[in-house]
Structure formats: structure tokens, C-alpha cells
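The values are calculated or read from the model by the stated rules, or taken from the named source; none is laboratory data. These numbers come from a predicted model, not from an experiment. In this analysis, Cβ positions are derived from the backbone assuming ideal geometry, glycine residues included, and neighbour counts consider all displayed protein chains. These area figures cover heavy atoms from the full protein model, side chains too; ligands, DNA and RNA do not enter into them. Shrake-Rupley method; radii C 1.70, N 1.55, O 1.52, S 1.80 Å.
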Amino acid sequence: MTDVIRVVDLKKQYENDGIVTPVLHGVNFTIQKGEFVAIMGPSGSGKSTLMHILGFLDGLTSGKYFFEGKDVSTLDEDDLARMRGEKVGFIFQAFNLLPKTSVLENVKLPLLYSNIPMSLRDTLAKNAIESVGIAHRIQNLSNQLSGGERQRVAIARALIRTPSVIFADEPTGNLDSKSGLQVMELLERLNVDHGHTIILVTHETYTSQHAQRILRMKDGCIV
């Protein structure tokens, strides 16, 4: 199998008014194409910081991060923006949908600044919406949907550009247990049936059980 992510001695610290706060202390791991990996740990363990670095939303302080063999530290801002747009998809706890906008338009959002022809965009969005089982809601506004349906829209939006990796940050955090289970079963199906590489960030044991492998974090280290 091919490595999609390789992290070598990754460290992250923040500096504010001369005070340095270390968050990640030399993290090492590899994630292969097609894996479903959960990153688990209590609040403050560094898992969200790690996900932001892996998803090109934040930079590392030292160490190495290779994405599909590329050393991320060698990329400029334009390269990083392109990687964010094309290579990764995000699913957040808060859904991050536009409220008075249709499901179709919400799912098409990642294509806004892409060079994908306008004539193809509706088709790509409809395919993504069908793949998460909410085609019957395609013209509904997102604020007319249940929490579970909104998260399915968010998953469709993450899928639309067929990214190399899907990051799911506490995706069941705002859902009741039944809806949460349905969302996790959907992510598992996308991994098993369609080969999507998924990285789940969670502190919930029941959601992490859907992953093939668990990386446990504590105090900025993998334990």
C-alpha cells in the first residue's frame, strides 16, 4: 500500500507575547491510502492541532510532514491553498453549512474557485449527494434539515472533489446517538466500499470503533 501521510518528529509550538507553549512533542506515524484511522485523546491532547497541520490549515514548527510523498514544508502559500482545495475534504462538528441555501448549492461550494467547468458542477454535486443518501433533499434549504441530514450534506461537500483524505473532526459531536451511528456507518461504508482514506478526530470510544486503527494522544504525544 502507498503512504498518503508520513509524519516524522513533528513538533508544534505557539508563541504569544514571548511565552512559548509547546503543543506537539515529536509525533511520528504513517497513514496508508485507503485506511480509516481514528486519532483519539482528551481535550488539550493536541489532536485538533495535529489535524489542522495534516489538513494544511496550520504549519508545523519542526520535523517533517510528507503528503503523497511531497515534503509539505517546501510548498508555498499557493501550493498549500491548492492542496487544501483539491487533496483534502473536511467534516466538522458544527456542519459549517450556509443556512438559507439549498443542499445542492452547499455541496457545490468547494468548486467555487476551481477550474471545473460550470456545466459539470451540478452533476458532480448530485453524484456526491446520492452517495450519502439524501438525493430526496437536494432542493431543501440546509436549515430545513435534521442534524444527521446536515452532516450528510457536509460529507457530500467533502467528497465532491474526490479528495485523497477526508478529515472528520468530532463529526458526531452535535448529533443524538442514533444519527451519530448512521453518520459513522456512512463514513465506514465510504471507506470500505469506495476506498476513501478517512482520518477521524474524536474523544468518543463508540465512534473510534468504526476505524481500522486508533492513534491515541496524550499531552502532545502519541502513546
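What the table below lists for this structure:
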item	result
Region 138-223 - Rg (one decimal) and Dmax (whole number), Cα, Å	13.7, 46
The chain - percent relative contact order, Cα under 8 Å, separation 6 or more	30 percent
Two-decimal Rg to Rh for region 63-151 - Kirkwood Rh, Cα set	1.05
Cβ-based net charge around His25, under 14 Å, with every Lys or Arg adding one and every Asp or Glu removing one	+2
Helical contribution to [θ] at 222 nm, DSSP H n ≥ 4, -39,500 (n - 2.57), averaged over the chain, rounded to 500	-9500 deg cm²/dmol
Residues of the chain: accessible area per residue with a 1.4 Å probe, Å²	49 Å²
Average projection area in nm² (convex hull over Cα atoms of region 43-111, one quarter of hull surface)	6.1 nm²
Region 62-219 - percent of accessible surface contributed by carbon and sulfur, probe 1.4 Å	49 percent
For region 1-63, convex hull volume per residue from C-alpha positions, Å³	88 Å³
Viscosity 1.567 mPa s, 4 °C: Kirkwood-radius Stokes-Einstein D of region 102-159 over Cα pairs, µm²/s	116 µm²/s
Accessible surface of Ser131 - all protein chains present, 1.4 Å probe, nearest 10 Å²	40 Å²
Pairs of Cα atoms farther than 23 Å apart, region 33-186, %	40 percent
Under 12 Å from Lys70, Cα to Cα: aspartates and glutamates that are on another chain or at least 8 residues apart	Asp3, Asp79
Over 18 Å between alpha carbons, listed pairs Lys64/Lys218; Lys47/Lys218; Lys12/Lys47	Lys64/Lys218
Relative contact order of region 159-223, pairs being alpha-carbon contacts under 8 Å that are 6 or more residues apart, as %	33 percent
